[in-house]
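Each remark here refers to the structure printed beneath this line.
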Amino acid sequence: MMKTFCANVSATADNPWMKITTFHGDSDVKVMIKNNVEDTAMPPGTSAVFTTSVWLEVSPNRLFNFLRHENSRTKWDMLSHRLVIRKVASIPKGENPGNCVSLLRANTSQGKLQIFYLQESYTDSTGSYVVYAPLDESAITAIVKGTNPDRVMILPSGFSILPGRLQGDEDRGTTGSLLTVAFHVFESVTNKSHILPEYIHTMRKVITDTVTSIKDIVQYHNRPNNWMEDSDFLVRF
């Protein structure tokens with residue numbers, strides 16, 4: 001999952017990015033169209049990766065805790081707005097409680113299972129990431145029974161966070177965050193490296209609305225007299 005995510009957000013000769021210029025707006029969203037014919041872990045067809053970056057005037061640690069915590073997922077994930085998210089398993093990857101691999105379960109308010117999320121989060125002084133992939137119950141069951149995980153379809157999406165300062169903030173010591181968002185979606189069962197403009201428009205709206213939600217919440221709670229808990233156990237709004 002992490003290998004695919006890192007490849008998705010890297011621009012190379014084999015991973016060409018195309019800027020979306022067919023729609024008006026000030027967001028800098030790019031798309032990469034991928035043909036999955038040679039990927040044994042993906043069904044034959046076309047997938048797309050949408051990405052954008054934004055500067056946020058909030059500390060990297062607060063942003064990381066907000067994005068990784070299951071209690072705050074419904075604040076930014078459009079598909080989880082009406083769901084209840086619970087962490088059902090977690091494997092630590094170090095002393096920092098935020099560095100772990102987790103399995104999240106998304107239920108309706110009536111308790112019906114909707115989807116699982118496999119999530120990996122990590123932070124240190126150089127940067128942070130929160131990467132996740134939706135998995136249905138059959139995929140989880142197959143993995144538990146010993147199926148080769150390379151045969152399970154994983155479409156990693158997520159966030160990378162880089163610390164930094166805007167020009168002019170050096171003397172004040174103000175640290176902000178450069179947030180990069182990437183969504184990987186399966187679009188078509190055809191092998192043509194093409195997706196409809198209407199689909200591009202929909203995903204552009206999803207990613208820009210997600211960024212807006214994150215920006216509004218974390219920067220509001222970064223103002224004086226507002227706060228956001230950095231604890232591993234609680235994120236409050």
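The values are calculated or read from the model by the stated rules, or taken from the named source; none is laboratory data. Only a predicted model underlies this, so the values are computations on that prediction, with no experimental measurement involved. Cβ: placed from backbone, ideal geometry, glycine included. Neighbour counts: every protein chain shown. Remember, those area values only see protein heavy atoms, side chains included, never the ligands or the DNA or RNA. Shrake-Rupley method; radii C 1.70, N 1.55, O 1.52, S 1.80 Å.
Summary table below
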{"read-out": "Residue match in the range 185-199 (condition: open to solvent by less than 50 Å² (accessible area, probe 1.4 Å) and modelled with pLDDT of 90 or more)", "value": "no"}
{"read-out": "Residues that are in a strand (DSSP E or B) and either modelled with pLDDT under 90 or over 24 Å from the mean Cα position of the chain (by Cα) (or both), drawn from the range 132-172", "value": "Gly164"}
{"read-out": "Cross-chain or 6+ apart pairs with Cβ under 9 Å, the range 70-99 first and closer than 24 Å to Thr212 by Cβ and open to solvent by less than 50 Å² (accessible area, probe 1.4 Å), then in a helix (DSSP H, G or I) and of a type in the set (Lys, Arg)", "value": "Ser80/Arg73; Leu83/Arg73; Ile85/Arg73"}
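This table checks each residue for (1) assigned to a helix (DSSP H, G or I); (2) under 22 Å from Val185 (Cα atoms); (3) modelled with pLDDT of 95 or more.
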site: Leu67; (1), (2), (3): yes, yes, yes
site: Gly94; (1), (2), (3): no, no, no
site: Ser109; (1), (2), (3): no, no, no
site: Gln114; (1), (2), (3): no, yes, no
